[in-house]
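Read through the structure below, which is laid out as structure tokens, and then see the notes.
The values are calculated or read from the model by the stated rules, or taken from the named source; none is laboratory data. Bear in mind the structure is a predicted one, so any value in this text is a computation, not a measurement. Cβ placement follows ideal geometry from the backbone for every residue including glycine, while neighbour counts extend to all protein chains displayed. Just the protein is used for accessible areas: all its heavy atoms, side chains included, with ligands, DNA and RNA removed. Shrake-Rupley method; radii C 1.70, N 1.55, O 1.52, S 1.80 Å.
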Amino acid sequence: LMVKNLKRYRKEVDRHLADAATAGSGAHTSGGSAPEDRSDIDFLPATYLLPADYSLFVEEFRKNPNAMWIMKPTAKARGVGIFIINKLTQIKKWAPKSTPQQAQREAYVISRYIDDPLLIGGKKFDLRIYALVTSYRPLKVYVHRQGFARFTTAKYTNDVTTIDNEYIHLTNVAIQKHSDDYNANHGGKLSLRNLRLHLEAVYGLAAIDKLFEDIGWIIVHSLKACQNVIINDRHCFECYGYDIMIDAKLKPWLIEVNASPSLSASTESDRIMKLGIISDVLDIVVPPDFLEQSRAPRARSTEDDSSTAWTAEPTREESQFELLYNESTEIDAERARKDAGDTRGRLNSRGGSGKQGSGSQRTMNVFR
């Protein structure tokens, strides 16, 4: 679902940018949340669904026959069924066949393998970031500051002879924990905060600010891509687990988005963090007076004053969720801009437009 809608979203952005170019550089098109250029949405590696997109994949594969691709089953998790290929013969079972068995083959997603990942200590890692969506229309999303990086146990190499070595290429804890080099004390994880401190020390504050801003926009644009196909219910919410890979040029890539991500813990610090995520989610989605309203009326006991704890408002200032994007703010700003433009239309005939306000707050660095 995400891949197909992101491809559609890209086409819409291309049309938007083409219209903006035709209208002229001074024109302000509607929809302030649209990307400023196509690089804003160039965050998904070339991806296809097999067997449905087999012919399209073959066409792409032949453009660069030496590239590696990663195969993932669509209906499994925790690294089960993932493998890497560099030859078409390795996936011939997904080739089109005029047999009834074709419809029974398990669906897989195949993506261009990022073979130049950013390394720390010679090891590959990816990021797990938690995003909470409380509304799709208008889109409102929070991001949790307590994400983490997951590391492999073996040092990375892109030598094709190692493509079957899961301990080199796959960061899933469910796989890495079986390695002889797995450290159960830290579980192969590093907190997002400590990772950022390390990267800032190595690459500088400006470069890492841009990196995490780009990650924030990956979350926003991926959600906007499927915004119109998700049923919007004001009584519902969803917490997503985003898996992000950073390449050697500090460019972030979207690997996958997990609905209802696993909250099982591999270490004590992991358990504390994930309990905090659950608590923070409830602080946002549960109304402050929910427990008070849901309790049946009864006489207040003078012997047990502890009952007030159940009706206390959550301490939201302690939450690790921060608002990443609120589309309603953008809509209001766009409406105000249009109203102001209509009012000034004939008065400002000299053409001095001044600064145009924008509801799009490009301050996505909430991962601190």
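In the stretch 221-292, which trypsin sites (Lys or Arg not before Pro) are in a loop and have at most 11 other Cβ atoms within 10 Å, using DSSP for the loop call?
Those that pass, being in a loop and sparsely packed, are R234, K249.
In what order, largest first, do K11, K140 sit by accessible area if the probe radius is 1.4 Å?
K11, K140
Can you pull the semi-axes for the stretch 210-289, root of five times each eigenvalue of the Cα gyration tensor, sorted largest first, whole Å?
24, 21, 11
Using the heavy atoms of the protein chains and a 1.4 angstrom probe, tell me the accessible area per residue for the stretch 139-282 in square angstrom.
Result: 47 Å² of accessible area for each residue.
Per-residue HN-Hα couplings for the stretch 130-141, Karplus 6.51 cos²θ - 1.76 cosθ + 1.60 at θ = phi - 60°, whole Hz, x for Gly and Pro?
The phi angles translate into 9, 10, 10, 9, 9, 7, 9, 9, x, 6, 9, 9 Hz.
Given K155/K189; K140/K224; K92/K155, which pairs have Cα atoms separated by over 19 Å?
From the list (K155/K189; K140/K224; K92/K155), the Cα-Cα distance tops 19 Å for K92/K155.
What does the charge count around I110 come to, taking other residues whose C-beta lies under 10 Å from its C-beta (Lys +1, Arg +1, Asp -1, Glu -1)?
Around I110, the charge tally is 0.
Could you please put R8, R105 in sequence from largest to smallest accessible area, using a 1.4 Å probe?
Output order, biggest surface exposure first: R8, R105.
State which entries of K93/K210; K97/K249; K7/K210 exceed 32 angstrom in Cα-Cα distance in the structure shown.
Long pairs (Cα-Cα over 32 Å): K93/K210; K97/K249.
Over the stretch 145-186, consider all pairs of different Cα atoms and compute the Kirkwood hydrodynamic radius from their mean reciprocal separation; express it in Å, one decimal.
11.1
Got a number for the accessible area of T329? Probe 1.4 Å, square angstrom, nearest 10.
Here the residue's solvent-accessible area equals roughly 60 Å².
Please work out how much accessible surface K177 shows to a 1.4 Å probe, ignoring ligands, DNA and RNA, in Å² rounded to 10.
Using a 1.4 Å probe on the heavy atoms, I get roughly 100 Å².
Heavy atoms of the protein only, probe of 1.4 Å, neighbouring chains included. What is the accessible area of C239 in Å², nearest 10?
Approximately 20 Å² of C239 is accessible to the 1.4 Å probe.
Add +1 for every Lys or Arg and -1 for every Asp or Glu among the other residues with Cβ under 14 Å from the Cβ of I331, and state the total.
Here the count lands on +1.
Please state the shape class of the stretch 169-252: rounded when a/c is under 1.5, otherwise prolate if a/b exceeds b/c and oblate if not, all from the C-alpha gyration tensor.
oblate
Given H placed on each backbone N at 1.01 Å, which residues far from Y325 in sequence or on other chains put an amide H within less than 5 Å of it?
V141
Rounded to the nearest percent, how much of the accessible area of the stretch 104-217 (1.4 Å probe, protein heavy atoms only) is carbon and sulfur?
Looking at the stretch 104-217 in its full context, I get 48 percent from C and S.
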